[in-house]
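Undergrad: Before I ask anything, let me first share the structure, which is written out below as structure tokens.
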Amino acid sequence: MPMVEPFLRVERLCKAYGGLTALKDVGLTLEAGGFLCLFGPNGAGKSTLLKVLATLLPPTAGSVRVAGFDLEEHPEAFRAQLGLVSHQSFLYDDLSARENLEFYAALYGVPDPSVRAGELLERVDLTHRAHSPVREFSRGMQQRLSIARALVNDPSLLLLDEPYTGLDAHAAIRLSRQLRLLHEAQRTIVMATHNLERGLDLATSVGILARGKLVFLQRRDQIDPEAFEQLYFRHLEAA
Amino acid sequence: MTLPRQILLLYRKDLRVEVRKKESLIAMAFFGVLIMVILNLAAGLDRRLQAEPAAGVLWVAILFSSVLGLGRVFAREKENNCVAALLVSPLSPGALFAAKALVNFTLMSFSELVLVPVFFALFGAGLQPGLPVLLLLLALVNIGFSAAGTLLSALAAGTRRNEVMLPILLYPLCLPLVALAVKATGAAFGGRPMTEIRDLIESMAAFGLIYAAAGYLLFSHAVREA
Ligand SMILES: Nc1ncnc2c1ncn2[C@@H]1O[C@H](COP(=O)(O)OP(=O)(O)O)[C@@H](O)[C@H]1O
Ligand SMILES: [Mg+2]
């Protein structure tokens with residue numbers, strides 16, 4: 001039987017910022033519809049890895065293939081299918097929530113941007129503030145809107161960099177529920193987070209990054225959640 | 001989406017923000033008028049300026065005030081790092097360059113709508129304002145300056161002291177264009193025949209074209225992190 005190409009394949013990926021090596025020989029694969037959760041302390045290289053996957057940063061060495069395409073050779077083939085939630089909101093402060101979503105939807109060539117914006121506002125529970133400028137939003141509301149923004153094109157690969165930051169308990173539960181729905185709809189998801197509990201709850205694969213190295217990578221069903229915290233700290237100390 | 005539609009989408013988004021805030025345009029017009037009033041006081045209120053120095057005054061006011069707007073157009077894109085969202089979308093970097101250059105061109109043109117009449121009110125006595133020639137010269141400088149300014153503001157936005165970097169890079173780069181503009185405008189104000197100005201205008205058009213082409217080609221390197 002021929003080997004099925006995994007949806008995401010990262011091989012010997014290195015990224016250096018000048019003299020500082022932020023990623024060292026990272027290799028991983030993720031099947032279509034998989035949910036990879038990346039844990040790691042501050043400065044471990046999680047954001048850098050996500051930026052490389054998002055084609056925002058070119059790798060120093062190594063390769064990334066998504067759906068069979070090499071990212072460096074065919075970035076545009078893949079960008080249309082990508083959604084990204086980062087530390088920054090990617091929102092225009094002077095535009096309203098609805099205007100932001102309509103702009104990004106139009107950018108992706110969504111047939112009816114205004115309908116799409118309405119749907120997404122509903123999903124993140126911001127319909128009542130649709131016409132307020134983003135400048136007036138709280139941190140948590142901006143975070144919800146930036147997640148809605150990443151979904152305008154209904155991405156098949158969703159990259160999330162610490163999406164729980166700034167969310168209250170209620171919003172965090174809602175986010176988890178949304179991510180689960182996306183996962184059930186066969187979207188492939190890579191998420192970096194500090195939140196071990198929420199991450200383990202959602203993931204199908206779990207990775208630990210420490211000092212730029214992927215020191216641990218395993219399928220979620222082979223991990224005992226009770227023992228994971230200990231295992232996590234053991235790997236950090238060993239790195 | 002086709003290139004023109006991408007450009008239009010970005011352009012309309014920026015103009016919508018500008019119409020709402022008006023911050024760039026007000027700052028540009030205000031600063032430009034201020035420069036001219038100061039120079040008018042310095043020259044002596046009732047003294048007539050000759051054609052060439054008067055042309056210099058006009059361009060100093062226009063170019064020094066424009067840089068305020070040029071910087072803002074890209075700074076806004078950097079505020080929540082929206083430019084990263086644009087870069088991971090299917091948008092072509094060329095469309096981003098063209099849209100930003102058009103926004104800058106528009107801002108400069110609107111600010112000149114205020115500055116040029118004020119200039120003639122303060123310094124116009126004795127000048128021969130051949131309006132079609134002046135409009136052509138303004139358009140050429142606006143093209144070159146907004147193209148170069150767009151490229152450099154993308155470069156400068158990646159540095160720490162971007163509001164200082166932009167003018168430091170932009171004025172030397174645009175010096176040839178500005179020098180030609182001052183000469184051509186001086187000649188036009190002095191009532192010289194069109195044949196004398198034509199060479200200057202052709203050179204200005206060439207510079208505008210070079211800045212626009214270089215900007216279009218280099219822009220994707222300027223906005224991307226390495
Ligand atoms: N633009 C940059 N220039 C230089 N160094 C950077 C840059 N971005 C990140 N780094 C460094 O790379 C390392 C990994 O950072 P990052 O990927 O942000 O980690 P994490 O997201 O896991 O906290 C850190 O040491 C950080 O200081
Ligand atoms: Mg990070």
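The values are calculated or read from the model by the stated rules, or taken from the named source; none is laboratory data. Worth saying up front: this structure is predicted, and the values here are computed from it rather than measured. Every residue, glycine among them, receives a Cβ derived from its backbone with ideal geometry; neighbour counts consider all protein chains shown. What goes into the accessible areas is simple: the full protein's heavy atoms, side chains included, and nothing from ligands, DNA or RNA. Shrake-Rupley method; radii C 1.70, N 1.55, O 1.52, S 1.80 Å.
Undergrad: For the interface of A with B, what's the total buried accessible surface in square angstrom, probe 1.4 angstrom, rounded to the nearest hundred?
TA: By this definition, chains A and B bury close to 2400 Å².
Undergrad: Also, quick follow-up: Scan chain A and report its longest stretch carrying no GluC sites (Glu not before Pro) that are both in a DSSP loop and have at most 16 other Cβ atoms within 10 Å.
TA: A:74-239
Undergrad: For the Cα atoms of chain A, what angle does the longest principal axis make with the long axis of helix A:169-184, in degrees from 0 to 90, nearest 10?
TA: It is inclined by approximately 70 degrees.
Undergrad: Can I ask one more? Probe radius 1.4 Å, ligands and nucleic acids left out: which of A:HIS235, A:HIS194 has the largest accessible area, and how do the rest follow?
TA: From most exposed to least exposed: A:HIS194, A:HIS235.
Undergrad: Which whole-number value in Å² is the accessible area per residue of chain B, probe 1.4 Å?
TA: That works out to 46 Å² per residue.
Undergrad: Got the relative contact order for region A:1-135 handy, in percent, Cα pairs under 8 Å and 6 or more residues apart?
TA: 20 percent
Undergrad: Something else about it: So what is the relative contact order of chain A, in percent, for Cα pairs below 8 Å that sit 6 or more residues apart?
TA: Result for chain A is 27 percent.
Undergrad: Roughly how many Å is it from the Cα centre of region B:138-167 to that of region B:1-75, as a whole number?
TA: Answer, in whole Å: 13.
Undergrad: Considering protein heavy atoms only and a 1.4 Å probe radius, which residues within region B:73-108 exhibit an accessible-area decrease of no less than 50 Å² in the full assembly relative to the chain by itself?
TA: By number: B:ASN80, B:CYS82, B:ALA85, B:VAL88, B:PRO90.
Undergrad: Relative contact order, percent, of region B:3-225 when contacts are C-alpha pairs under 8 Å separated by at least 6 residues?
TA: Relative contact order for region B:3-225 comes out at 29 percent.
Undergrad: Would you give the gap between the C-alpha center of region A:61-82 and the C-alpha center of region A:160-239, rounded to a whole Å?
TA: 24 Å
Undergrad: Set the bar at 28 Å for Cα to Cα. Now go through A:LYS51/B:LYS22; A:LYS15/B:LYS100; A:LYS51/B:LYS21; B:LYS78/B:LYS183; B:LYS21/B:LYS78 and name every pair that lies beyond it.
TA: Beyond 28 Å between Cα atoms: A:LYS51/B:LYS22; A:LYS15/B:LYS100; A:LYS51/B:LYS21; B:LYS78/B:LYS183.
Undergrad: Another question, if that's okay. What average number of partner chain Cβ atoms lie no more than 10 Å from the Cβ of the residues making up B:204-217?
TA: That average works out to 0.
Undergrad: Hey, another quick one. Per residue of A:48-60, count partner chain C-beta atoms within 10 Å of its C-beta, then hand back the mean as an integer.
TA: Averaged over the peptide's residues, the number is 2.
Undergrad: Residue by residue through region B:148-154, what is 3J(HN,Hα) from phi via Karplus (6.51 cos²θ - 1.76 cosθ + 1.60, θ = phi - 60°)? Round to whole Hz and write x for glycine and proline.
TA: 3J(HN,Hα) across region B:148-154, in whole Hz: 5, x, 5, 4, 6, 5, 5.
Undergrad: Here's a follow-up. For region B:133-226, which whole-number percentage of the solvent-accessible area (1.4 Å probe, protein heavy atoms only) is attributable to carbon and sulfur atoms?
TA: On region B:133-226, the fraction of accessible area on carbon and sulfur atoms equals 69 percent.
Undergrad: Give the peptides B:93-104, B:166-177, B:181-192, B:25-36 in descending order of average Cβ contacts within 10 Å, highest first.
TA: B:93-104, B:181-192, B:25-36, B:166-177
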